[in-house]
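A short reminder: the numbers here are calculations on the coordinates, not readings from a lab. All of these numbers come straight from a predicted model, not from anything done at the bench. Methodologically, a virtual Cβ is constructed for each residue, glycine included, from the backbone with ideal geometry; neighbour enumeration extends over all protein chains shown.
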Amino acid sequence: MSLASYGKPASPAVVAVDALGPFAGVAVLVLLMHFVIGPAVGPYYAKILVDIAISIVLAVSLNVVNGFTGQFSIGHAAFMAVGGYTAAAITYFGTVKIWGGLPLVHADPQGWGLFVVGTVAGALVAGLFGLFVGLPSLRLRGDYLALVTLGFGEIVRVLLMQTGSIPDPKVIAEAPLYTLPLKLGGSLGFGGVPTYTNLFWAWLWAGLTLVIVYRLKASTHGRAFLSVREDEIAAEAMGIPTTSVKVRAFVLSAALAGIAGALFAHELGTTLNPKELGFQKSFEVVIMVVLGGMGSLSGAVLAAAVLTVLPEVLREFSEYRMIVYALILILVMLVRPQGLFGIHEVWELPVVRRLLGGRGPK
Amino acid sequence: MGLLDVQGVGIAFGGLKAVQDFRLDLPKGALQGLIGPNGAGKTTLFNLLTGVYPPDTGTVKLGDRVLNGLKPHQIAQAGLARTFQNIRLFGDLTVLDNVKIACWSRGWTTTLDALLRTPRFRAEENAITTRSMELLQIFELDKRADESARFLPYGGQRRLEMARALALDPKVLLLDEPAAGMNPQEKVALRNLIRDVRDRFGLTVLLIEHDMGLVMEICERITVLDHGVVIASGTPIEIQKNPAVIEAYLGASPVADASPGAH
C-alpha cells in the first residue's frame, strides 16, 4: 500500500479490486498467451515463451532467498529436480496405473488433472526438501551456506543418477507404489514424460508466482525477510526471529522451484535428466537474480527473459555461452554492482518515477 | 523491586572479564545513565541484557519475567528495545519501512492474509502505517518517510533508530550513545526528545553516553563502569565529586601519587 493512501478508509470496491485484480490480470495474461499470442507466433517462439515463464518462476523464487533474505543459495536446480521428478513420477506412473498403457506423448486434457496434482505435489516435496536443507544449514553464513547448498545440489543429482531404469508399463501396473520412486531412469533421464506444459500452464504458474512473491515483499512478513538481508543483528533486536524467517524463505523458494521443475519436466523438447539440473542450471538462475538486482522482482523477470532469449540468439556460438554469461556478469558487477534495479522494482526507480510524473527522486 | 532487575551479571571472553557482577535495579519511569571510559564494558552490558551474548553469571529480569536464555528477538518482544552505537538501520529500505518492520511482532495476520490481501491484512497494514507515521512525526522524520534510510543525515539516522525501537512498544529502552556525532543544536533537541518520549510512552530508559553535559542534565541516576566493574553509582552531583570516577576518567592525581622521598 502506498504512502499516499494511508489512513484513508478504502471503499469495498477498491478493496476487492486490490485483492482480486492481480489474479484477474494473471487470467487475462494466460488466456492471451494461450489463445492469441501462442497461435500467432508459432511453435518455435511459443517454446521460447514457455522457457521464459519457467525461468521467471526460477529467478523469482530464488530471489526470495538470495534477494529478500540475502542468503546465498547456489543449489536451486536441485529443488527444481526434486519437483520435476516428483511431478513426472506422478503423471507417468499415474497414467499407467489409472488408464493403462504408455502416457501419450502429447498433451491430453484427460491428464491435466493429474498434471496439476503432480505440479502441486512437486512443490510440496521440494518445499519439504527446502525445510530439510534449510533447518540445519541456515545457521551458517555466507560462503558456508553457499557450499552446503552446492553440495546438496550435487547429492540430489548423483542420487537421481543412481535410480534404476523405468520399468515396462506391465511391470508398473503391477508394481507396488513405494518401489516406483527408485526407478526414475537413472543417468539416461526420465524419458517419455507426457508433454503437458504449454503456454497456458507455464504462464499461469509464472503469474501466480509473481503475485505471491510480490505481495509477500509488500507485506509485514516480506519486510521481515528484507530486514534479515539488511542487518541480521538489528532485525533480531527488532523482534524478528531471523532463523525462522530464513527457513520460511527457503521453504517457499524451494516449493516454487519445484513448480518450475514440474513445468520443465513436462515440456516438449526437454528431457528430464539429472545432467540438465546440475550446478550449471543453478548458476544460471543465480546470474538471473544478480543481474536483475537482488530483491527486485521486475529485475528478475527482465533478466530471466533476456538470459532465456540470449542463448537462442547466440545459438551458433552456444559453446561460448558460459563465457558470455561470465563476461556479462563481470561487466554488471563493475558498472552496477547492485544489479539492474537493485532492491527496487522498476517503477520505484527515480528515473521512472519522474517519467510517470510521480514525486521527486527517492 | 524495579522493572528491570539485573543481578550479578557477568561475562568473560577468554581471560578477559568484560563485565563482572553487574547489578542494577531500574524502577519504572527511571532515566538512568551508564557511563565509563572507552572499553569499560558498557556496550557489552547492553549486549548481555538484550541476549546478543548469554551472560555467564547472574540473572536479568524484566518485571516478573526472567530474560536469561531467551533469544534476542524474544527479549525484544518481551519489552526490552535498544538502539545501536554503530547505527544499524535497514539502509536500503525506506525510513517508513524501517519503523514498520519493528511492528511485525505485534502483527496479527498470517502470511496467507498477505498473499490474498484480505480485509484483515489491509486493516493491519493501515494500523501499522498510521502508528509508524505517528512515531516518525515525533522524531521529525515524517517528511522523509519515503526516502531510503541510508540517505538520512547522521542525526536523523540516530533519531530513526529510536523511532524504530519505540515501534516495538517496549517497556525499557536502551540507548547506546544516542548523541554520538550530533551537533550542539541536535544535542539540545535530543535532550528534550528523550525526556519527552519517556514521559509520553511511560518508558524506562537506560542510556549510554559520552557527552557528559547531556548525561548530567537528563539522567536522574548514573552508574559508572570501569574495566567491567561498577565503580560508582548515584545522582549526577554525587558522581561528579566521586574520586574513583575522576580517577577512572583522568587517571590518578600525580600529586597524591607521588610519595615523599621519590624523585
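Numbers below:
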| read-out | value |
| --- | --- |
| Per-residue mean of C-beta atoms belonging to partner chains within 10 Å, peptide B:79-90 | 3 |
| Cα-only radius of gyration and Dmax that characterise chain A, units Å | 21.0, 69 |
| Cβ-based exposure ranking for A:Tyr44, B:Tyr53, in which fewest neighbours within 10 Å come first | A:Tyr44, B:Tyr53 |
| Distance (nanometres) between label positions extended 7 Å along Cα→Cβ at A:Val36 and A:Val17 | 2.0 |
| Chain A: most fluctuating residue of A:Ala126, A:Ala59, A:Ala24 per GNM, C-alpha cutoff 10 Å | A:Ala24 |
| Separation in nanometres of the label points that stand 7 Å from Cα toward Cβ, at A:Arg315 and B:Arg65 | 6.4 |
| HN-Hα J in Hz across the range B:106-111 - Karplus 6.51, -1.76, 1.60, θ = phi - 60°, x for Gly and Pro | 8, x, 10, 9, 9, 4 |
| Relative contact order of the range A:21-278, pairs being alpha-carbon contacts under 8 Å that are 6 or more residues apart, as % | 40 |
| Sorted by Cβ density within 10 Å, fewest first, the residues A:Trp99, B:Trp108, A:Trp201 | B:Trp108, A:Trp99, A:Trp201 |
| Interchain or long-range residues, amide H under 5 Å from B:Phe22's placed H | B:Gly8, B:Val9, B:Gly10 |
| Whole-Å distance, taken between Cα centres, linking the range B:53-101 and the range A:246-272 | 37 |
| Relative contact order of chain B, pairs being alpha-carbon contacts under 8 Å that are 6 or more residues apart, as % | 26 |
| Stokes-Einstein diffusion coefficient of the protein assembly as shown, Kirkwood radius over Cα pairs, 37 °C, 0.692 mPa s, in µm²/s | 120 |
| Within 10 Å of each Cβ in B:212-222, the average number of Cβ atoms from other chains | 0 |
| Given A:Lys97/A:Lys170; A:Lys170/A:Lys275; A:Lys47/A:Lys281, the pairs whose alpha carbons are separated by over 21 Å | A:Lys170/A:Lys275 |
| Ranking of B:His73, A:His76 by count of other Cβ atoms within 10 Å, fewest first | B:His73, A:His76 |
| Shielding score for B:94-105, defined as the mean number of other chain Cβ atoms within 10 Å | 5 |
| For the range B:202-219, 3J(HN,Hα) per residue [Karplus equation, 6.51 cos²θ - 1.76 cosθ + 1.60, θ = phi - 60°, Hz, x = Gly/Pro] | x, 8, 10, 10, 10, 10, 9, 7, 9, 6, 5, x, 5, 4, 5, 7, 9, 7 |
| Under-5 Å amide H pairs with A:Thr195, H placed in peptide plane, nonlocal only | A:His106, A:Ala107 |
| Debye-sum result for the range A:139-246 in log10 I(q)/I(0), which assumes one identical scatterer on each alpha carbon, at q = 0.10, 0.12, 0.18, 0.19 Å⁻¹ | -0.60, -0.79, -1.01, -1.02 |
| Sequence ranges B:136-144, A:297-305, ranked by mean other-Cβ count within 10 angstrom, highest first | A:297-305, B:136-144 |
| Chain A, helix-only ellipticity at 222 nm - DSSP H runs n ≥ 4, -39,500 (n - 2.57), divided by all residues, nearest 500 | -21500 deg cm²/dmol |
| Nonlocal amide H pairs with B:Asp226, under 5 Å, H built at 1.01 Å | B:Ile231 |
